[in-house]
Each structure stands twice: as structure tokens, then as C-alpha cells.
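The block underneath contains the structure these notes are about, expressed in C-alpha cells.
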Amino acid sequence: AYLSINDSRVKVADFSVGSGGLLVAAYRRKRSLLKRNLSQETHKQFVEEDLLGVDVMPFAANTAACHLALQSPQYFTNKVKVAVWDSTDLSPGKTIPSVADLRHVLSGQTFIDFFSGKKSEKKGVVSLHNGKSEDIKLEKSDLVIMNPPFTRHERIFDEYKTLLYDRFRKYDKYLAGQMGYYGYFVLLADRFLNKGGRM
């Protein structure tokens with residue numbers, strides 16, 4: 001983050017946010033580049049507008065949201081731009097709903113509760129308060145920084161491989177037969193970068 005961010009106004013995305021370490025580093029770097037003291041408004045701008053994190057695991061996304069909010073605990077935070085979603089399904093302009101059906105969110109991946117038939121209330125945008133969380137309208141970023149999942153090609157389910165190929169059809173000349181899961185996140189980063197942006 002220190003090497004990649006040279007302006008406090010940079011918009012940053014992490015599509016495999018995990019516990020939020022890279023977004024926290026981005027927050028700190030942006031804060032260090034301010035030409036003034038951090039204020040409530042700037043903190044709000046950072047966590048609600050400038051820093052986007054997405055993870056397929058609810059526990060990880062909630063941890064990332066808490067880590068970001070705690071970077072300036074003197075300021076009230078009840079909303080962060082962190083969501084629970086399968087990042088490979090995302091594109092600029094898409095809106096992530098505040099509550100989404102598990103079958104829609106994980107299309108192609110399965111967990112035990114996938115078969116429960118119940119609607120899940122834990123998927124969608126992470127909120128730090130008890131009210132209804134707000135949607136996130138996805139936009140391009142100046143920097144995509146992440147530690148993507150390094151799952152080997154052989155360990156990805158065939159149905160999910162088909163889904164990934166369909167989601168990244170625009171990049172078909174780059175889709176090698178043995179490409180690991182991380183490769184799709186490189187393509188995802190390209191999809192979300194502004195012209196002249198950094199990966």
C-alpha cells in the first residue's frame with residue numbers, strides 16, 4: 001500500500017479482503033498523505049467511499065469491516081464499503097444488494113448451509129449497526145490490491161470452472177487450461193481498474 005498509493009484521494013479495492021489487512025494499510029497510507037489532520041468527514045470518506053472490500057466468507061468480511069472502523073475509533077462509524085459476495089461475479093456498475101440469497105451469491109460453490117433451503121440473512125453488504133444495510137454500487141478503482149486465493153486448477157469444481165469461464169469470456173484468449181483461481185482475480189482487477197490504475 002505504501003508503494004502503490006501516492007495520493008490521499010485514491011480509490012482502492014480488495015476483492016479477497018480477508019480480515020482487511022491490505023485495506024487497513026491503504027487507509028493508513030491515505031491518512032499519512034493528508035495535508036491536514038484526519039477529520040470525521042475524511043474518515044467517513046475513506047471507509048464509506050474510497051475503500052472497497054469483498055470476501056466470500058462472512059466472518060472474514062465482518063472482521064475487515066471492524067478493522068477499518070477501528071482505524072479512527074474517535075469517530076462514529078456505522079457503515080463501511082465491505083461486502084460478502086463471490087467476487088468473480090462482480091463488474092463495474094453492478095449493485096450488491098444488502099441481503100442476497102445464498103444460491104445467487106455463491107453460484108457454483110457449495111457449503112453445508114447451501115442445502116438448507118432457508119434464506120440467508122448474512123450475505124450482502126456488511127453493516128455495523130442493527131438497521132437495514134445499504135447497497136453498494138460498484139465503480140472502477142485507482143488501485144486494486146489483494147492477496148487472491150491460490151487454489152490450484154485441479155481443485156476447482158468443474159461446474160465452477162465453467163461458470164468462471166463464462167464470467168470472464170471477454171478475456172478468453174488469456175484463459176489457459178491450467179490457470180489457478182488467482183488468475184481470475186488478476187482479470188477481475190483489470191476489469192475494475194481506471195485507465196492508468198495500479199494492480
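The values are calculated or read from the model by the stated rules, or taken from the named source; none is laboratory data. Given the structure is predicted, the values throughout are model-derived calculations rather than measurements. Neighbour counts are summed over all protein chains in view; Cβ atoms, including those assigned to glycine, are modelled from backbone coordinates with ideal geometry. What goes into the accessible areas is simple: the full protein's heavy atoms, side chains included, and nothing from ligands, DNA or RNA. Shrake-Rupley method; radii C 1.70, N 1.55, O 1.52, S 1.80 Å.
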Is it the case that the stretch 160-168 has a residue that's surrounded by fewer than 18 Cβ atoms within 10 Å (Cβ to Cβ) and within 16 Å of the chain's Cα centre (by Cα)?
-> no
Might you let me know whether the stretch 6-18 holds any residue that is at pLDDT below 95, buried (at least 19 other Cβ atoms within 10 Å of the Cβ) and over 30 Å from residue 162 (Cα atoms)?
-> no
Just name the residue that is farthest from residue 51 (Cα to Cα) out of those in the stretch 74-89 that are open to solvent by 10 Å² or more (accessible area, probe 1.4 Å) and in a strand (DSSP E or B).
-> 79
Within the stretch 19-43, residues being open to solvent by 40 Å² or more (accessible area, probe 1.4 Å) and under 19 Å from residue 87 (Cα atoms) number 3
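If you check 165, 171, which single one turns out to be closer than 27 Å to residue 10 by Cα and either modelled with pLDDT of 90 or more or of a type in the set (S, T, N, Q) (or both)? Steps first, please.
Numbers: 165 fails: closer than 27 Å to residue 10 by Cα.
From the options 165, 171, the qualifying one is 171.
Does residue 186 satisfy being out of contact with any helix residue (DSSP H, G or I) (no Cβ under 8 Å at 6 or more places or on another chain), surrounded by 14 or more Cβ atoms within 10 Å (Cβ to Cβ) and at pLDDT below 90? Working first, answer last.
Details: out of contact with any helix residue (DSSP H, G or I) (no Cβ under 8 Å at 6 or more places or on another chain): yes; surrounded by 14 or more Cβ atoms within 10 Å (Cβ to Cβ): yes; at pLDDT below 90: no.
Spelling it out, it is not the case that residue 186 is out of contact with any helix residue (DSSP H, G or I) (no Cβ under 8 Å at 6 or more places or on another chain), surrounded by 14 or more Cβ atoms within 10 Å (Cβ to Cβ) and at pLDDT below 90.
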Within the bounds of the stretch 44-64, is there any residue that is open to solvent by 50 Å² or more (accessible area, probe 1.4 Å), out of contact with any strand residue (DSSP E or B) (no Cβ under 8 Å at 6 or more places or on another chain) and modelled with pLDDT of 90 or more?
-> yes
In this structure, is residue 138 modelled with pLDDT of 95 or more, within 21 Å of residue 62 (Cβ to Cβ) and of a type in the set (A, V, I, L, M)?
-> yes
Note on the stretch 132-173: residues outside any loop (DSSP other than H, G, I, E, B), acidic (Asp, Glu) and touching a strand residue (DSSP E or B) at 6+ places or on another chain (Cβ under 7 Å) are 142
Only one of (1) open to solvent by 20 Å² or more (accessible area, probe 1.4 Å); (2) among the polar types (S, T, N, Q); (3) in contact with a Leu (Cβ under 7 Å, 6 or more places away or on another chain); (4) modelled with pLDDT of 85 or more is not met by residue 71, so which one is it?
-> (3)
